[in-house]
1. When you scan region B:120-129, do you find a residue that is outside any loop (DSSP other than H, G, I, E, B) and modelled with pLDDT under 90, even just one?
2. Restricting attention to region A:207-224, which residues are buried (at least 22 other Cβ atoms within 10 Å of the Cβ) and more than 16 Å from ligand 1 (Cβ to nearest atom)?
3. Tell me, please, whether a residue that is within 21 Å of A:Arg209 (Cβ to Cβ) and not in a strand (DSSP E or B) can be found in region A:5-18.
4. For region B:340-399, which residues satisfy the criterion of being over 24 Å from B:Val30 (Cβ atoms), more than 14 Å from every other protein chain (Cβ to nearest Cβ) and modelled with pLDDT under 90?
5. Looking only at region A:164-179, decide whether some residue is among the β-branched types (Val, Ile, Thr) and either surrounded by fewer than 22 Cβ atoms within 10 Å (Cβ to Cβ) or free of Cβ contacts under 8 Å to residues at least 24 places away in the same chain (or both).
6. If we keep just the residues of region B:85-104 that are among the aliphatic types (A, V, I, L, M) and out of contact with any Gly (no Cβ under 8 Å at 6 or more places or on another chain), which is surrounded by the most Cβ atoms within 10 Å (Cβ to Cβ)?
7. Any residue in region A:145-160 that is away from ligand 1 (no atom under 16 Å from the Cβ), within 12 Å of chain B (Cβ to nearest Cβ), in a loop (DSSP other than H, G, I, E, B) and over 20 Å from B:Phe9 (Cα atoms)?
8. Please specify each residue of region A:124-155 satisfying the condition of being of a type in the set (A, V, I, L, M, F, W, C), out of contact with any Gly (no Cβ under 6 Å at 6 or more places or on another chain) and either under 23 Å from A:His189 (Cα atoms) or within 16 Å of ligand 2 (Cβ to nearest atom) (or both).
Amino acid sequence: MIRLRGIERIFRVGEEEVHALRSVDLDITAGEYLSIMGPSGSGKSTLLNLIGLLDRPNAGRYELDERDVTGLTDDEQARVRREKIGFVFQFFHLVPRLTAAQNIELPMVLAGVDPAERRERLRKLLAEYALEARARHRPDQLSGGQCQRVAIARAMSMRPAVILADEPTGNLDRHTGQEVMAVLERVHHDGGTVLLVTHDPEIGGRAQRTLRMIDGAIVSDQKADAGGNGGT
Amino acid sequence: MSPADFAGFTFTSLTSHRLRTSLTALGIAVGIAAVILLTSIGEGLHRFVIAEFTQFGTNLVTVTPGRITTHGASLGAVNTVRPLSIDDALALTRVRYVQVTDPMVQGNAEVVYAGKSRRVTLYGTGADFSRALSMRVASGEFLPHDDPRAARALAVLGSKVAKELFGGENPLGARLRIGGERYRIVGVMESKGQILGFDLDDTVFIPVGRALDMFNRESLMEIHVLYEPTAPLAEVEAGIKRVMVARHGAEDFTVTPQQKMLEVFGTVLNALTFAVAAIGAISLVVGGVGILTILTIAVAERTSEIGLLRAIGATQRAILLLFLGEAALLAAVGGAAGLAMGWGIAGALKLVLPALPVHTPWHYAVLAEVVAVGVGLAAGVLPARRAARLDPLEALRSE
Ligand SMILES: Nc1ncnc2c1ncn2[C@@H]1O[C@H](COP(=O)(O)OP(=O)(O)OP(=O)(O)O)[C@@H](O)[C@H]1O
Ligand SMILES: [Mg+2]
């Protein structure tokens, strides 16, 4: 479903060049649960952003669902993001003046999903992520874990092909982090594709498949036995 | 994004900063109110002046002695100008489409009745003066159709003169002295009020031939020519000129149609209204700058939100429209408030100063609202473009 070939990403900061991704090749099939680990600055976020079409590689080829999306225009990228990609961020990125329900609805509103359909999906999402009691609350009235559940529900609202989560537990205490991970794992169990960047070995280890990155390159790609605890 | 959702989203972002939104809208409101108020006064003045002139009728042409060149200087003083005579006026009745002509001379004279005396504006006119200028007689009759060269000594009083000299008494049939001669009163005019500073009621009308003698003048001051309302003005004008040139041997007179005067007044007054509106527009510009400022701040504050919207699939265009929408909505709300303010103040002015002509045509209101939204959009373009062009990743990172 996702196929990267020879991806290079180079940032130019003044005179210096930062090689954030070096000849990255990667294949991800639908329904996979994949964690990306590695030291700070190793290019994990850069890789996720490229897959999420928020960034473009300097070289290489990216295919999403058998379609070459490397050279899309800004508008085409936006459309693909809208339809195929769900983001979950470390800092939740909820719109502060909107209620939880409105935040969850936002991608459907932008995509112009029919209101009746939207209401139905919203109802299901609120139920699924145990947010019914909080639907009318604004983000500043929610706990961190609830905020992240709202963010995940939002990411799921357009039924994307892949969920990209960049350190989704990075801003949460251990216990809440576990809760959020349980939610993400349920997305995976329901057939969703999940890419997760994390620093926490325990969390990363729970994934089916783990990538290790160092200095912009993928140095190991380990698959654990189905659904089990993959080693390092 | 459906229009309803679009409106809802812009609405919540405006209402999440109530004070800021109200103050910015107030800026636009003041501008719109100023424009509405000033143009209302301009338009009121316009209507007032036009009404003053059209009460004499618009199918009227005035012939005056001497020719006014395109430079505005009268050649009359230099060249030989034949006096405008009563016979000229009679001759003009033969021109096609002409209904009535009336010779006129005007001056000041002393009227005396029963020991009371009063200085009045004396009009020497023909019998058709009241008809030509659409003036009405309150009691009795206007001057009769006497032979203009040997008219009887009859007079018609303006309403004010009648009141001052006769009080409650009926002046009809009474005799009074005008410039030393005795006249019998045959009519009293309806009150016409003041027109551009002239009191048309402090007047006395006598036959034109007698007035010329009294003032010791040869020439009339004006001949009023009333033509059929549906007649082509150009033909009427040409006919008048033809007859007059035939009689005078040269064009030593000026023909001024009331309609042309109205056009000139209209142009001048429109320019005035426009100038006044432009002054009001300055405050509107200030309001626009307010929107620009507040929206620039909003874009800076909401950078991470913009990043999020882009990440979940909003195009640059969608972001641009969202912020333009906010600017337009802000301005529209301000504009509506300004309209209400402007109207309110105009209405209050009317109550306090009834003499001040104030008029707000409804299409001004529509125009003002359109202008307000236009100002909002113009002010919103820069910040909205900045928002749309933000790099999604950088925007997401800002927090
Ligand atoms: N916009 C940018 N401009 C310049 N350099 C950048 C930019 N984004 C990333 N980099 C550089 O690219 C490298 C990879 O960054 P990236 O954010 O992918 O690291 P990361 O693995 O996500 O690190 P962390 O675990 O700290 O989040 C880093 O050296 C970083 O400084
Ligand atoms: Mg990172």
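1. The answer is yes, given that some residue of region B:120-129 is outside any loop (DSSP other than H, G, I, E, B) and modelled with pLDDT under 90.
2. A:Ala207
3. Within region A:5-18, not a single residue is within 21 Å of A:Arg209 (Cβ to Cβ) and not in a strand (DSSP E or B).
4. Selection gives B:Pro354, B:Ala355.
5. Here is the first cut: in region A:164-179, the ones among the β-branched types (Val, Ile, Thr) are A:169, A:176.
Of the ones still in play, those that are also either surrounded by fewer than 22 Cβ atoms within 10 Å (Cβ to Cβ) or free of Cβ contacts under 8 Å to residues at least 24 places away in the same chain (or both) are A:176.
For region A:164-179, residues among the β-branched types (Val, Ile, Thr) and either surrounded by fewer than 22 Cβ atoms within 10 Å (Cβ to Cβ) or free of Cβ contacts under 8 Å to residues at least 24 places away in the same chain (or both): present.
6. Taking the candidates together, the pick is B:Leu92.
7. Taking region A:145-160 and keeping what is away from ligand 1 (no atom under 16 Å from the Cβ), we get A:145-160.
Filter again for within 12 Å of chain B (Cβ to nearest Cβ), leaving A:151, A:154-158, A:160.
Still in the running and in a loop (DSSP other than H, G, I, E, B): A:157-158, A:160.
Next, only the ones that are over 20 Å from B:Phe9 (Cα atoms) stay: A:160.
Taking every residue of region A:145-160 in turn, at least one turns out to be away from ligand 1 (no atom under 16 Å from the Cβ), within 12 Å of chain B (Cβ to nearest Cβ), in a loop (DSSP other than H, G, I, E, B) and over 20 Å from B:Phe9 (Cα atoms).
8. Taking region A:124-155 and keeping what is of a type in the set (A, V, I, L, M, F, W, C), we get A:125-127, A:130-131, A:133, A:135, A:142, A:147, A:150-153, A:155.
From what's left, out of contact with any Gly (no Cβ under 6 Å at 6 or more places or on another chain): A:125-127, A:130-131, A:133, A:135, A:142, A:147, A:150-153.
Once the filter is applied, which keeps residues that are of a type in the set (A, V, I, L, M, F, W, C), out of contact with any Gly (no Cβ under 6 Å at 6 or more places or on another chain) and either under 23 Å from A:His189 (Cα atoms) or within 16 Å of ligand 2 (Cβ to nearest atom) (or both), region A:124-155 yields A:Leu125, A:Leu126, A:Ala127, A:Ala130, A:Leu131, A:Cys147, A:Val150, A:Ala151, A:Ile152, A:Ala153.
The values are calculated or read from the model by the stated rules, or taken from the named source; none is laboratory data. None of the values given here were measured: they were computed from a predicted structure. Cβ atoms come from the backbone with ideal geometry, glycine included; neighbour counts cover every protein chain shown.
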